[in-house]
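See structure below.
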Amino acid sequence: MNPKAWRFSALLWLGAFLCLLATRAWAADWVQVRAAVDGDTLVLASGQTVRLAGIDAPELGHDGQPAQYYAAQSRAELQRLVDGQMVRLQVLGRDRYGRMLAVVFGRDGAMLNERMVALGAVFVFPHKDDEALFDRLLSAQRLAMDRELGFWPRILRLPAASERYVGTRSSRRFHRLSCPYASRISARNRQYFASLRSAFAAGYSPCRTCTPWPHSSR
């Protein structure tokens, strides 16, 4: 084989090899889901745990604490969306518990993080390194609130809904004014809200210590 023909053949083989690698890398993104742990967490068939980025679900009961309102419905919605199908992960990193933090897509191309927000089954929990994701999820949350979907009708009619709240700009967490953490927020980092609706509409999520979220039994 002459040198030109050899180089041409080598390039063809290299191109085919690179295409094979790309195909395998793409295929590796598709994973099988074993189950939804709650409304924002999946366990894969491999045993790995995936936390859906940018959202937070009402807490299921654990450590002797009762479940929060809509926790069971939230898990059921996520299970329905992933049941019997493969999903594609866009992994953003790891959370503090070592779980994969990811944007998750279904076979139809829909972002499941966004779909759960749009159903009113979870609320926005900002991922500080991805403002584009935050903006997209917040738009879906505002629409779900306006349409009174999922848990929003009850949450936005709680007695606590008319209270004032104070948020931390850096973490986008909001607190009741009586919360011990509220007094620690610096003046420059402080953001006040006239109601629960305005805090959620700004993309802030409730402090776990002073959350106004009711238990499922209430």
*asked:* I'd like to check something: does region 175-182 contain any residue that is more than 22 Å from S139 (Cβ to Cβ), of a type in the set (A, V, I, L, M) and not assigned by TED's automatic domain parsing to the domain that holds Q141?
replied: yes
*Test D146 against the criterion of being over 16 Å from the mean Cα position of the chain (by Cα) and among the acidic types (D, E), and give yes or no.*
yes
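Do we find that P58 is assigned by TED's automatic domain parsing to the domain that holds F134, within 24 Å of C207 (Cβ to Cβ), in contact (Cβ under 8 Å) with a residue 60 or more places away in the chain and buried (at least 17 other Cβ atoms within 10 Å of the Cβ) in this structure? Full working, then the answer.
Working: assigned by TED's automatic domain parsing to the domain that holds F134: yes; within 24 Å of C207 (Cβ to Cβ): yes; in contact (Cβ under 8 Å) with a residue 60 or more places away in the chain: yes; buried (at least 17 other Cβ atoms within 10 Å of the Cβ): yes.
Considered against the rule, which asks whether it is assigned by TED's automatic domain parsing to the domain that holds F134, within 24 Å of C207 (Cβ to Cβ), in contact (Cβ under 8 Å) with a residue 60 or more places away in the chain and buried (at least 17 other Cβ atoms within 10 Å of the Cβ), P58 comes out as yes.
One line per residue, one yes/no per condition, for (1) under 30 Å from R88 (Cβ atoms); (2) of a type in the set (D, E, K, R):
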{"site": "F105", "(1), (2)": "yes, no"}
{"site": "D108", "(1), (2)": "yes, yes"}
{"site": "E114", "(1), (2)": "yes, yes"}
{"site": "F123", "(1), (2)": "yes, no"}
{"site": "S139", "(1), (2)": "yes, no"}
{"site": "L156", "(1), (2)": "no, no"}
{"site": "R190", "(1), (2)": "no, yes"}
{"site": "S205", "(1), (2)": "yes, no"}
{"site": "R208", "(1), (2)": "no, yes"}
_Listing of helices (runs of 4 or more DSSP H) fully contained in region 112-204 that carry 3 or more residues being touching a Gly at 6+ places or on another chain (Cβ under 8 Å) and buried (at least 18 other Cβ atoms within 10 Å of the Cβ)_ = 112-118, 131-147
*Mind checking whether some residue in region 80-100 is touching a Gly at 6+ places or on another chain (Cβ under 7 Å) and under 25 Å from C207 (Cβ atoms)?*
no
*Is it true that V104 is touching a residue at least 24 places away in the same chain (Cβ under 8 Å), surrounded by 15 or more Cβ atoms within 10 Å (Cβ to Cβ) and touching a Gly at 6+ places or on another chain (Cβ under 6 Å)?*
no
*Just give me the residues in region 165-214 being farther than 18 Å from G54 by Cα, in contact with a helix residue (DSSP H, G or I) (Cβ under 9 Å, 6 or more places away or on another chain) and of a type in the set (K, R), in sequence order.*
R176, R190, R197
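The values are calculated or read from the model by the stated rules, or taken from the named source; none is laboratory data. Since the model is a prediction, treat every value here as computed from it, not as a measurement. Every residue, glycine as well, gets a Cβ built from its backbone with ideal geometry; the counts of neighbours run over all protein chains shown.
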